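Written below as C-alpha cells is the structure these notes are about.
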Amino acid sequence: QVQVVESGGGLVQPGGSLRLSCDASGSVVGINRWGWYRQAPGKQRELVARIWTFGVTNYGDSVKGRFTISRDNAKNTVYLQMINLMPEDTAVYSCNVGQLGSDYWGQGTQVTVSS
C-alpha cells in the first residue's frame, strides 16, 4: 500500500503562484507514474499534469505554459508549480500515484483563486 498526502493549497489572487506537494510513503518501490488532477464544483475531474519514471511529462491543455510538474526521487515527492493562476483554476487538486498496475489517491488540497 502507498499513502499519498497533498499539501500547499490555499487562497491566492489572480496572477499569483502556488506550489503543491505530493508525498508518497509506505511501499513506494515500483512507483512509475505521478499525476495531478483537479475537480471543480459541478465539473468532471481533469488531468493537470503527469510525470513518469524517466521524467517524461504531459499536461492538460488549459495549464500548459503555466504549470510545471517535477519530482524529487530521494524524497518520494512530486511538486506542481503553478504560476499566473486564474479563477478558473479553482478546484480540489488531487495527487495520483501509479504502481505496478495499482492507483493510489490522496485526499486532495483546495486551491482557490480569487480577489
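Only four residue types carry charge here, +1 at the Cβ of Lys and Arg and -1 at the Cβ of Asp and Glu. Report the dipole size of the chain about the Cα centre in Debye, rounded to the nearest 20. Before the final figure, lay out the partial values.
Numbers: 10 positive and 8 negative charges, 28 e Å.
So the dipole magnitude of the chain works out to roughly 140 debye.
Only loop residues by DSSP count here, and only those with at most 14 other Cβ atoms within 10 Å; note down the trypsin sites (Lys or Arg not before Pro) in the stretch 1-74 that meet that.
Values: sites: ARG19, ARG33, ARG38, LYS43, ARG45, ARG50, LYS64, ARG66, ARG71; in loops: LYS43, ARG45, LYS64, ARG66.
Filter output for the stretch 1-74: LYS43, ARG45, LYS64.
Could you tally the net charge around GLN107, taking each other residue with its Cβ under 13 Å from the Cβ of GLN107, Lys/Arg +1 and Asp/Glu -1?
Details: positive: none; negative: GLU6, ASP23.
Within the 13 Å Cβ shell, the charges total -2.
Running a GNM on the chain with Cα contacts under 10 Å, which residue among ASP89, ASP72, ASP103 ends up with the highest mean-square fluctuation?
ASP72
Hey, what do the phi angles of the stretch 33-43 turn into as Karplus ³J(HN,Hα) couplings, whole Hz, using 6.51/-1.76/1.60 and θ = phi - 60°, x for Gly and Pro?
So the J values, rounded to whole Hz, are 7, 10, x, 10, 10, 9, 9, 9, x, x, 10.
Which one, TYR37, GLN99, TRP52, projects farthest toward the positive side of the charge dipole computed for the chain from Cβ point charges (K/R +1, D/E -1)?
Positive-end residue among those listed: TRP52.
Bear in mind that the values in this text are calculations on the coordinates, not laboratory data. This is a predicted model, so every value here is computed, not measured. Neighbour counts run over all protein chains shown; Cβ positions are idealised from the backbone, glycine included.
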